[in-house]
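The values are calculated or read from the model by the stated rules, or taken from the named source; none is laboratory data. It should be emphasised that the depicted structure is a prediction, and the values quoted were computed from it without experimental measurement. Here the Cβ positions follow ideal geometry from the backbone for every residue, glycine too, while neighbour counts run over all protein chains shown. These accessible areas exclude ligands, DNA and RNA; they are computed on the full protein's heavy atoms, side chains included. Shrake-Rupley method; radii C 1.70, N 1.55, O 1.52, S 1.80 Å.
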Amino acid sequence: MQQGIWTIVMLICSNVFMTLAWYGHLKLQEMKISTGWPLILIILFSWGIAFFEYCLTVPANRIGFQGNGGPFSLMQLKVIQEVISLTIFTVIVHFLFQGQQFHWNHLAAFGCLVLAVFFAFLK
C-alpha cells in the first residue's frame, strides 16, 4: 500500500515539473521574460526543469511496478500517469493561463480517462 502511495505522490510531483517544462516557457513569453531568447535557450531551460521530472518519474515507476514488488502493472502505471498528467495540466493551466477556456468536451475527455483507469484496474 505504501509503495502505491509513494508512486502516486512522486508521479504527481513529477508531472508538475513536466507541465512546467513543456508549457512554462509559454508563460515566460507571455510575461515578456523570454521573448528575446533563442529557441535553443528555451529548450535548455525546459530540459533543466524536465531533469527534476525524470528524477521523480523513474523511481516512481520502479517503486510502483509489480516486477519490483510494487502494486501496479505496467499498463496501470501508464494509465495512472496519464490521468495525473491531465489533472496537473488542468490545474496549472487554470492558474497560470487564465485566458484558456475549459469546455464540456474537455470534461468529457477527462471522464474518458477516468474510465480508462477503471478499466485498467478491472480484473
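Given the DSSP H assignment, sum -39500 (n - 2.57) over each helix run of at least 4 residues in the chain and divide by its residue total; what's the result at 222 nm in deg cm²/dmol, nearest 500?
-27500 deg cm²/dmol
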Handout entry: Angle between the chain longest axis and helix 104-121 axis [Cα atoms, degrees, rounded to 10]
Key = 30 degrees
Fill in the blank from the handout: Taking alpha-carbon centroids only, region 84-121 lies from region 1-76 a number of Å equal to 17 Å
Handout entry: Cα shape, region 68-117, gyration tensor, a/c 1.5 rule
Key = oblate
Exercise for the section: Pull up all non-local amide H partners of Gly70: gap of 5 or more, or a different chain, and H-to-H distance under 5 Å with H placed in the peptide plane. Expected result: Phe65
Handout entry: Positive dipole terminus of the chain, leading residue within Phe52, Phe121, Trp22 (C-beta point charges)
Key = Phe121
Exercise for the section: Give the relative contact order (percent, whole number) for region 33-123; include only Cα pairs under 8 Å separated by 6+ residues. Expected result: 22 percent
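Using a ≥ b ≥ c from the Cα gyration tensor of the chain (square roots of the eigenvalues), is it rounded, prolate or oblate, where a/c under 1.5 gives rounded and otherwise the larger of a/b and b/c decides, a/b for prolate? Please report the intermediate quantities before stating the final value.
Working: a/c = 3.16, a/b = 1.49, b/c = 2.12.
In terms of gyration-tensor shape, oblate.
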Problem - Accessible surface, per residue, of the chain when the full set of protein chains is kept, probe 1.4 Å, Å² - result: 68 Å²
Practice task
For the chain, with all protein chains present and a 1.4 Å probe, just round the carbon and sulfur fraction of the accessible area to a whole percent.
Solution key: 73 percent
